[in-house]
Each structure stands twice: as structure tokens, then as C-alpha cells.
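Trainee: Handing you this structure, nothing more for now.
The values are calculated or read from the model by the stated rules, or taken from the named source; none is laboratory data. As the structure is a prediction and not an experimental result, all values here were calculated from the model. Cβ placement follows ideal geometry from the backbone for every residue including glycine, while neighbour counts extend to all protein chains displayed.
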Amino acid sequence: MMGTRSKMATCVLTLLLCLFFSSCTDSTSKKMSTDLIDIKATASEGMNVSTKSASIEMDHLEFDFGTIVAGKRIAHSFSFTNRGDAPLLLANIHAPCGCTVAKDWPKTPIEPGQGGEILVEFNSADRTGKQNKIVNVVTNSTPSTIELKLTGDVIGPDYTPSDIDN
């Protein structure tokens, strides 16, 4: 019995000694070098940082389409101008609801002083009641996201166009 305990103790002691010596390596070899900190190519000094920026100005942010009968499609163009001093990019235009879609907008940069239109369409099929639809426009201006809104009332299909005041 003593022989087995003594062999076990020897194995455990050998294992502990191996772990101890393997952890005692030169710690200076694992230090991170700071040589890159003073390299001029990695510093911002001497860089040509542009202060120009684009600025989108919408003619209007909301369109009220009034009262319509369910099933009718409403299309509206939102006009804008780049009031900044750098080209304006319309990165993405999307609506959270599938019933409202951005159909067309400029895909190329809009130069300062120039403008364009964003065509939005609302499909009122299967929708009744007060409608408040949002379209998010993501640009390279500040703020980077603006909201366009379509609002109005949709009456049920049992109404006829003569029931509407328009």
C-alpha cells in the first residue's frame, strides 16, 4: 500500500514542479511594443482634415393625403436641396411598414446647391382609419437620419368616392 501512495505523491510533486518551472519564463518577451506611438504616419498631425459637410434641407417633412377609400395608392414627391458645401449622399431610404415604399430617389451624389426628389408611395389596401406612415432617410449630413411622414384617413371599402369631401 505504501508503495502506491509514494508513487502517487511523486507523480503529483513532479507535476507541480513542471507547472512551476514552465510558468517562470522571461516575461519581458511578452510585453507589447510602444514603438508605433511616435510614428508620424500613424498620428493625425499633418493630415488634411476636411471641414466640409453636406446638409439636406427638405421643402417639407410631412404630407397629409386627406381622406381616401381603402385600396387607393397615394404617391408623393418630397423635394430637397443640398445646403452644405460637400456632396450629399442618400445612403438608404426605407419605411418600417410594407405598405409605404420609397419608389425613386437620386442614387448619385448631389452637389452643393443642387437638389432632387424622393418619391414615396402608400398603398391603403386592407388599411382603414387614421394613418401615420414614416419613411426614414439616411444621409451623410448632420443629423444623418430624417423622417418623412405621410398622414391621412382611410375609409372602408363600403364607402364610395362620393362619400369623401375631396
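Trainee: Could we say that residue 141 is surrounded by 12 or more Cβ atoms within 10 Å (Cβ to Cβ) and either over 30 Å from residue 52 (Cα atoms) or at pLDDT 95 or above (or both) here?
Mentor: Considered against the rule, which asks whether it is surrounded by 12 or more Cβ atoms within 10 Å (Cβ to Cβ) and either over 30 Å from residue 52 (Cα atoms) or at pLDDT 95 or above (or both), residue 141 comes out as no.
Trainee: Looking at the stretch 99-138 only, could you name the residues that are touching a Gly at 6+ places or on another chain (Cβ under 7 Å), surrounded by 19 or more Cβ atoms within 10 Å (Cβ to Cβ) and of a type in the set (Val, Ile, Thr)?
Mentor: 110
Residue by residue, here is whether (1) touching a residue at least 12 places away in the same chain (Cβ under 8 Å); (2) under 17 Å from residue 54 (Cβ atoms) holds:
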{"position": "67", "(1), (2)": "yes, no"}
{"position": "84", "(1), (2)": "yes, yes"}
{"position": "90", "(1), (2)": "yes, yes"}
{"position": "108", "(1), (2)": "no, yes"}
{"position": "114", "(1), (2)": "yes, yes"}
{"position": "134", "(1), (2)": "yes, no"}
{"position": "137", "(1), (2)": "yes, yes"}
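Trainee: State whether one or more residues within the stretch 81-96 are under 30 Å from residue 153 (Cα atoms) and assigned to a loop (DSSP other than H, G, I, E, B).
Mentor: Yes; the residues of the stretch 81-96 include at least one that is under 30 Å from residue 153 (Cα atoms) and assigned to a loop (DSSP other than H, G, I, E, B).
Trainee: Still on this structure, I have one more. Could you say whether any residue in the stretch 113-123 is at pLDDT 95 or above and assigned to a loop (DSSP other than H, G, I, E, B)?
Mentor: yes
Trainee: Might you let me know whether the stretch 32-46 holds any residue that is among the polar types (S, T, N, Q), within 30 Å of residue 145 (Cα to Cα) and modelled with pLDDT of 85 or more?
Mentor: Checked against the condition, which is being among the polar types (S, T, N, Q), within 30 Å of residue 145 (Cα to Cα) and modelled with pLDDT of 85 or more, the stretch 32-46 yields no hits at all.
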